[in-house]
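Working notes for the structure below.
The values are calculated or read from the model by the stated rules, or taken from the named source; none is laboratory data. From a predicted model like this one, the values you see are computed outputs, not experimental measurements. No Cβ is skipped: glycine too gets one built from the backbone with ideal geometry, and neighbour counts run over all protein chains shown.
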Amino acid sequence: MKIEVGRAVIELVQGDITEQDVDAIVNAANSGLMGGGGVDGAIHRAGGPKILAECRKIREKLPDGLPAGQAVMTTGGRLKARHVIHAVGPRWRGGTHGEPALLADCYTNSVKLADEKGLKSVSFPSISTGIYGYPVEKAAPVAMGAVKAFLKRAKCVAVVRFVLFDSGTYSAYAAVIAAPHSV
């Protein structure tokens with residue numbers, strides 16, 4: 001499933017983000033940037049030690065960790081993707097603690113970083129909807145809206161692919177694309 005946004009496209013696929021052959025994949029990272037569970041752990045395992053080595057260098061400059069909503073880039077290591085953009089999503093605390101704005105910042109800052117680096121294709125997971133507890137039906141419209149808004153002014157990024165691990169997550173994102181007024 002896909003939609004056009006200006007000169008770019010947003011695509012939805014169900015699958016494994018570590019298998020994406022794109023310029024960059026986005027990692028739903030924790031603030032420590034040292035790997036973890038879920039998508040974060042899978043990317044670090046598949047990409048190998050070069051990703052962790054670059055994350056350690058970044059952490060030297062960020063002793064308190066990467067704040068929620070922000071993004072940094074490393075090599076893709078052994079991944080098909082040349083780069084990994086590490087973005088820290090918000091933990092869900094009921095939706096009244098700025099979670100939607102922080103989640104939108106994750107997506108905007110990630111695609112902006114890719115655009116600034118001259119990358120053409122980026123794949124995203126559903127950030128914060130795993131262990132961080134953000135309800136996928138609330139996260140999907142935030143994610144799609146942030147990406148669509150940035151693509152209207154992007155200079156390089158031409159393809160943004162949401163790589164969704166399971167059918168329930170895919171369905172939530174597909175519903176957002178299918179709604180005529182949503183994106």
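Can you tell me how many residues in segment 64-81 are surrounded by fewer than 19 Cβ atoms within 10 Å (Cβ to Cβ) and polar (S, T, N, Q)?
First pass over segment 64-81, keeping only residues surrounded by fewer than 19 Cβ atoms within 10 Å (Cβ to Cβ): 64-65, 67, 75, 78, 80.
Cutting the leftovers down to polar (S, T, N, Q) gives us 75.
The total comes to 1.
For segment 92-120, name all the residues that are over 15 Å from the mean Cα position of the chain (by Cα), surrounded by fewer than 17 Cβ atoms within 10 Å (Cβ to Cβ) and over 19 Å from D23 (Cα atoms).
Within segment 92-120, R93, G94, G95, T96, H97, G98 meet the criteria.
Yes/no per residue for (1) over 17 Å from I25 (Cα atoms); (2) in contact with an Asp or Glu (Cβ under 8 Å, 6 or more places away or on another chain):
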{"residue": "V142", "(1), (2)": "yes, no"}
{"residue": "V147", "(1), (2)": "no, no"}
{"residue": "V159", "(1), (2)": "no, yes"}
{"residue": "S171", "(1), (2)": "yes, no"}
{"residue": "A179", "(1), (2)": "yes, no"}
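Check off (1) in contact (Cβ under 8 Å) with a residue 24 or more places away in the chain; (2) closer than 24 Å to G168 by Cα; (3) not small (G, A, S) for R93 and give me the number that stays unchecked.
For R93, the exception is condition (1).
Return a yes/no flag: does segment 129-138 have any residue that is under 23 Å from H83 (Cβ atoms), among the polar types (S, T, N, Q) and over 11 Å from the mean Cα position of the chain (by Cα).
Checked segment 129-138: at least one residue is under 23 Å from H83 (Cβ atoms), among the polar types (S, T, N, Q) and over 11 Å from the mean Cα position of the chain (by Cα).
Taking L66 as meeting all but one of (1) touching a residue at least 40 places away in the same chain (Cβ under 8 Å); (2) in contact with a strand residue (DSSP E or B) (Cβ under 9 Å, 6 or more places away or on another chain); (3) not in a helix (DSSP H, G or I), write down the number of the exception.
(1)
Name every residue in segment 1-20 that is within 15 Å of the chain's Cα centre (by Cα) and within 24 Å of C156 (Cα to Cα), in order of residue number.
Residues of segment 1-20 within 15 Å of the chain's Cα centre (by Cα): 10-20.
Those that are within 15 Å of the chain's Cα centre (by Cα) and within 24 Å of C156 (Cα to Cα): I10, E11, L12, V13, I17, T18, E19, Q20.
In segment 78-130, how many are not basic (K, R) and not in a loop (DSSP other than H, G, I, E, B)? Steps first, please.
Here is the first cut: in segment 78-130, the ones not basic (K, R) are 79, 81, 83-90, 92, 94-111, 113-116, 118-119, 121-130.
With not in a loop (DSSP other than H, G, I, E, B) added as a condition, the list becomes 83-88, 99-111, 113-116, 121-124.
Residues flagged as not basic (K, R) and not in a loop (DSSP other than H, G, I, E, B) within segment 78-130 amount to 27.
Name the pairs: first residue in segment 114-136 and more than 15 Å from V72 (Cβ to Cβ), second residue at pLDDT below 95, Cβ to Cβ under 6 Å, at least 6 apart or on different chains?
Pairs found: P125/V39; G130/G38; I131/G38.
Can you give me the number of residues within segment 154-183 that are in a loop (DSSP other than H, G, I, E, B), at pLDDT below 95 and in contact with a helix residue (DSSP H, G or I) (Cβ under 9 Å, 6 or more places away or on another chain)? First the steps, then the outcome.
From segment 154-183, those in a loop (DSSP other than H, G, I, E, B) are 154-158, 165-166, 179-183; that's our starting set.
This time we only want the ones that are at pLDDT below 95, so: 165, 179-183.
In the following step, the residues that additionally are in contact with a helix residue (DSSP H, G or I) (Cβ under 9 Å, 6 or more places away or on another chain) were identified as 165, 179, 182-183.
Residues in segment 154-183 being in a loop (DSSP other than H, G, I, E, B), at pLDDT below 95 and in contact with a helix residue (DSSP H, G or I) (Cβ under 9 Å, 6 or more places away or on another chain): 4 in total.
In this structure, is F150 in contact (Cβ under 8 Å) with a residue 12 or more places away in the chain, assigned to a helix (DSSP H, G or I) and not hydroxyl-bearing (S, T, Y)?
Numbers: in contact (Cβ under 8 Å) with a residue 12 or more places away in the chain: yes; assigned to a helix (DSSP H, G or I): yes; not hydroxyl-bearing (S, T, Y): yes.
So F150 passes the test.
So, in segment 33-63, how many residues would count as being part of a loop (DSSP other than H, G, I, E, B), surrounded by fewer than 13 Cβ atoms within 10 Å (Cβ to Cβ) and under 18 Å from the mean Cα position of the chain (by Cα)?
1
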